[in-house]
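S.K.: Provided herewith is a single structure, encoded as structure tokens, for subsequent inquiry.
The values are calculated or read from the model by the stated rules, or taken from the named source; none is laboratory data. Just so it is clear, the model here is predicted, and its values are computed rather than measured. Neighbour counts are summed over all protein chains in view; Cβ atoms, including those assigned to glycine, are modelled from backbone coordinates with ideal geometry.
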Amino acid sequence: MSTDGQGSSHWFDDEAGPVVRPYAMTRGRTTSAGQHRLDLIAVVVAEPHADDAEEDPSLSPEHVDIAVLCRDAPQSVAELAAELNLPIGVVRVLVGDLVDAQFVHVNRPVPPAELPDESILRDVINGLRAL
Amino acid sequence: MIFGRSERGKPPVEPVTLKILVAGGFGVGKTTLVGAVSEIKPLRTEEYLTEAGRPVDDTTGVEGKHTTTVAMDFGRITLREDLVLYLFGTPGQERFWFMWDELSEGALGAVVLADTRRLEDCFAAVDYFERRSIPFLIAVNCFEGSARYPEEDVRGALDLDDDVPVILCDARDRRSVRDVLVGVVQHAMDYGAERRETVTT
């Protein structure tokens, strides 16, 4: 994350948190247009040309960080937020931008109100038992 | 892939992700439980209370005030390359319940971690999952030095439905936690089967 010009003699301390308000990174947006709220465990997957994100002048460094992380391996929204130390709401907006720019796509988890398939649950139990 | 959603992406395996919630009172051992089975050190995500849909008169006159954040700890278990289970500890304080709604959406089930010395701390969680028909079980964390109560006493004290499992566990112990999780998924399966029957017939 940013160090946002933190010099030495400031009136604030670490307790104050990041000096740049987090939604400055999203240019004030708290949702991204036409997007459902991304679940915390929705998986963000890089498209083959995600590398190009680094050269895209319309993207912020945080966008690029997300694209780079996802290129290494698909990442859940929660993991991206933890890894980049950004609030979940901010990550959602940034991921929405990357989806619009077709650098990533998102795999949604099992839709709410629908329980996962029984065979998946059985796989989960077997997987847990093998731990 | 189980969902067959291969779209454009080719090589990366796109895992199916599932989540289980871990609820319970403050200091009952939620993060310990998550850490006992997670393959990663429990990670922390934060959400600002000034989230979308939550009009807040944030800064006027209170410039010195920090934005309040809700922290959630979570862990991950990769069961298979294409199957990943996340465990989310729910924020303890009741004022953060709006986060619960988001967390519980699509959750497979929940563990309510209980301490017999402070059973009342988990009333709220039991109530919450009951009302939303989210399959859950009670895992009694057996702290050293706390008296062990028979399962029936816990069940009675929490006024649980008969089908809600009560398991004694040690939140620090990987095997014990694993058994708790198996119990949750098993319960979710039974619960789902039951529900499917009532819906279809």
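S.K.: Could we say that residue A:104 is touching a helix residue (DSSP H, G or I) at 6+ places or on another chain (Cβ under 6 Å) and touching a residue at least 40 places away in the same chain (Cβ under 8 Å) here?
M.R.: Considered against the rule, which asks whether it is touching a helix residue (DSSP H, G or I) at 6+ places or on another chain (Cβ under 6 Å) and touching a residue at least 40 places away in the same chain (Cβ under 8 Å), residue A:104 comes out as yes.
S.K.: Please specify each residue of segment B:131-144 satisfying the condition of being in contact with a helix residue (DSSP H, G or I) (Cβ under 9 Å, 6 or more places away or on another chain) and not β-branched (Val, Ile, Thr).
M.R.: Across segment B:131-144, the qualifying residues are B:132, B:133, B:135, B:136, B:137, B:139, B:141, B:142, B:143.
S.K.: Also, quick follow-up: Could you tell me whether segment A:80-87 includes any residue that is at the interface with chain B (Cβ under 9 Å from one of its Cβ atoms), surrounded by fewer than 20 Cβ atoms within 10 Å (Cβ to Cβ) and touching a residue at least 24 places away in the same chain (Cβ under 8 Å)?
M.R.: Checking segment A:80-87: at least one residue is at the interface with chain B (Cβ under 9 Å from one of its Cβ atoms), surrounded by fewer than 20 Cβ atoms within 10 Å (Cβ to Cβ) and touching a residue at least 24 places away in the same chain (Cβ under 8 Å).
S.K.: Continuing with this model, one more query. Looking only at residues that are touching a residue at least 24 places away in the same chain (Cβ under 8 Å) and over 25 Å from residue A:123 (Cα atoms) in segment B:160-201, which one is surrounded by the fewest Cβ atoms within 10 Å (Cβ to Cβ)?
M.R.: B:161
S.K.: Given the conditions (1) among the small types (Gly, Ala, Ser); (2) in contact with a Leu (Cβ under 9 Å, 6 or more places away or on another chain); (3) closer than 19 Å to residue B:76 by Cα, report the number of the one that residue A:73 does not fulfil.
M.R.: Single failed check for residue A:73: (2).
S.K.: Is there a residue being under 11 Å from the mean Cα position of the chain (by Cα) and not polar (S, T, N, Q) anywhere in segment A:106-115?
M.R.: Checked against the condition, which is being under 11 Å from the mean Cα position of the chain (by Cα) and not polar (S, T, N, Q), segment A:106-115 yields at least one hit.
S.K.: From the list A:7, A:28, exactly one residue is surrounded by fewer than 11 Cβ atoms within 10 Å (Cβ to Cβ) and modelled with pLDDT of 70 or more. Which is it?
M.R.: That would be A:28, the only listed residue that is surrounded by fewer than 11 Cβ atoms within 10 Å (Cβ to Cβ) and modelled with pLDDT of 70 or more.
S.K.: Restricted to segment A:58-76, and to residues that are surrounded by 21 or more Cβ atoms within 10 Å (Cβ to Cβ) and polar (S, T, N, Q), which residue is farthest from the other protein chains (Cβ to nearest Cβ)?
M.R.: Looking at residues that are surrounded by 21 or more Cβ atoms within 10 Å (Cβ to Cβ) and polar (S, T, N, Q), I get A:75.
S.K.: Out of the residues in segment B:191-201 meeting the condition of being more than 10 Å from chain A (Cβ to nearest Cβ) and under 19 Å from residue A:116 (Cβ atoms), tell me which one is nearest to the chain's Cα centre (by Cα).
M.R.: Checking each candidate, the answer is B:194.
S.K.: Condition first: outside any helix (DSSP H, G or I) and either at pLDDT 95 or above or surrounded by 14 or more Cβ atoms within 10 Å (Cβ to Cβ) (or both). Now tell me which residues in segment B:119-159 satisfy that.
M.R.: Result: B:132, B:134, B:135, B:136, B:137, B:138, B:139, B:140, B:141, B:142, B:143, B:149.
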